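The values are calculated or read from the model by the stated rules, or taken from the named source; none is laboratory data. Owing to the predicted nature of the structure, the values given are computational and were not obtained by experimental measurement. A quick note on method: Cβ atoms are made from the backbone with ideal geometry, for glycine too, and the neighbour counts reach across all protein chains shown. The protein model used for the area step is the full one, side chains on, heavy atoms only, and it has no ligands, DNA or RNA in it. Shrake-Rupley method; radii C 1.70, N 1.55, O 1.52, S 1.80 Å.
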Amino acid sequence: MADNHLTLDQFMSRFVLQLPEVQTAIMPARRAAVLVPIIDRPRPTLLLTRRAATLRKHAGQVAFPGGMMDPEDNSLIATALREAEEEVAIPPASVRVVGVLPVVTSSTGFQVTPVVGILPDTLSWHASEVEVESVFEMPLQEALRLSRYSSLDIQRNGIGHRVWLSWFGDYFIWGMTAGIIRQLSLQVAK
């Protein structure tokens, strides 16, 4: 990154591709996926949402578009693409899926697969008023700066957990979302 900004080509040359898990006959019942959308700009950005304050779970939290796998979804990639379309009107055909990150277990027991996808910079999106309060972009180079994440060790049901925290402007990014971005950073670190 000698020119002081990360290009999409630099990101792609460093991204360590991880193929999706091979599905077996015995599948966990609580599977979900999120789309980690990277917008192909001269200075790429990461697309994030703030969940609606009226939601029953995770209200007001910064998140990636995503949700639970439906029986009709033929893969977790299909789940991530369907949810991104429902939440922020991103057409599945406009996403170039480049890989997945390691599965993360949510605080509610879901096995969540982060799906990394590239979006064209010409794409326009709009938030589902029911699910999403706002949509914002974070410069990818800033998102991938490991030093921006702080850890907090907590106890839940007698088990220790590490939670990652970060601020971007007025947005507090924490928990699974911060952990996924941090993992993405580790995937492209040299």
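Once amide H atoms are placed 1.01 Å from N in the peptide plane, what residues at a sequence separation of 5 or more from Ala127, or on another chain, have their amide H within under 5 Å of its amide H?
none
For the range 90-190, state which GluC sites (Glu not before Pro) are in a DSSP loop and have at most 12 other beta carbons lying within 10 Å of their beta carbon.
Details: sites: Glu129, Glu131, Glu133, Glu137, Glu142; in loops: Glu129, Glu131.
Those that pass, being in a loop and sparsely packed, are Glu129.
Quick one: 3J(HN,Hα) in Hz for the range 158-165, Karplus 6.51/-1.76/1.60 with θ = phi - 60°, rounded, Gly and Pro as x.
Along the range 158-165, the couplings run x, 10, x, 9, 9, 10, 9, 10 Hz.
Report Ser151's accessible area, 1.4 Å probe, all protein chains in place, as a number in Å² to the nearest 10.
60 Å²
Given a 1.4 angstrom probe, I'd like the percentage of the accessible area of the range 128-190 that is carbon and sulfur, rounded to a whole number.
That fraction is 52 percent.
So with the 1.4 Å probe, I'd like the accessible area per residue for the range 106-190, rounded to whole Å².
I get 53 Å² per residue for the range 106-190.
Would you tell me the accessible area of His5, worked out with a 1.4 angstrom probe on the heavy atoms of the protein chains, in Å² to the nearest 10?
Probe radius 1.4 Å; accessible area of His5 about 40 Å².
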